[in-house]
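For reference, the structure discussed in these notes is given below.
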Amino acid sequence: MKTAPHPAGEIVIETVQRPREIDDRASAILAAAEIVIDRFGPDKLSLSQIARVSLIPLARIYQYFADRNAVLGALSARALARLSGALDTRATASVPLDEAQRLQRVIDRFAARLEHSSDAYLVLCGPFDAASEEAHAEAVARLAEALHRALEPADAGGQPFRTAEALGFAAELVFACLRRSYRQDGRVTATSIEMAQHAVSTFVGASR
């Protein structure tokens, strides 16, 4: 809060927002939402449940998030951003690998980030809102780039399914295979990872 002189000589009190305090409150709400998801599962997530866990009044939570989808969107966008940052697009390896093995390594590392059930849900079962939709598109693009790097230094000439658009589709195949597994089994299974590897290798024509 600060005071400022008024033209008529009066003192006017001006309020000053505290962005850090606002960020801290939103972070506390999201942390409570993660606890609810971990303990009870995503289907039980509600703003009322978040209020019980966080001890933040429900009316105050509504000032930050309009509904559960807005909370899920924020959590999903954050999880997808972490995943995007962790994807290796450099295609480096300590031992020589063939094309199919490099693709498998990319998908293995992608799936390893989804071992925790809540992470798998937030990454695979959205997007929940516009923010998480944008984050999902970025994660798909990053995975497509990692797949592209895994195919190098092989010559892509004569391979019609190695365009940027096609590699984006291949990345979506990975999401789809792992999503199906999560929805059926509540987790990403080894079988679904193998299915994703086979689907992508077949689609891009990886050599074996």
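The values are calculated or read from the model by the stated rules, or taken from the named source; none is laboratory data. Keep in mind it's a predicted model, so treat the numbers as computed, not measured. No Cβ is skipped: glycine too gets one built from the backbone with ideal geometry, and neighbour counts run over all protein chains shown.
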ALA70 being surrounded by fewer than 11 Cβ atoms within 10 Å (Cβ to Cβ) and modelled with pLDDT of 95 or more: no
Some residue of segment 183-204 being basic (Lys, Arg), in a helix (DSSP H, G or I), out of contact with any strand residue (DSSP E or B) (no Cβ under 8 Å at 6 or more places or on another chain) and exposed (fewer than 15 other Cβ atoms within 10 Å of the Cβ): yes
First in segment 77-88 and free of Cβ contacts under 8 Å to residues at least 12 places away in the same chain, second anywhere and in a helix (DSSP H, G or I) and of a type outside the set (Phe, Trp, Tyr), Cβ under 9 Å, 6 or more apart: GLY85/ARG142
Subset of segment 143-154 (residues that are in a helix (DSSP H, G or I) and farther than 17 Å from LEU122 by Cα): ALA144, GLU145, ALA146, LEU147, HIS148, ARG149, ALA150, LEU151
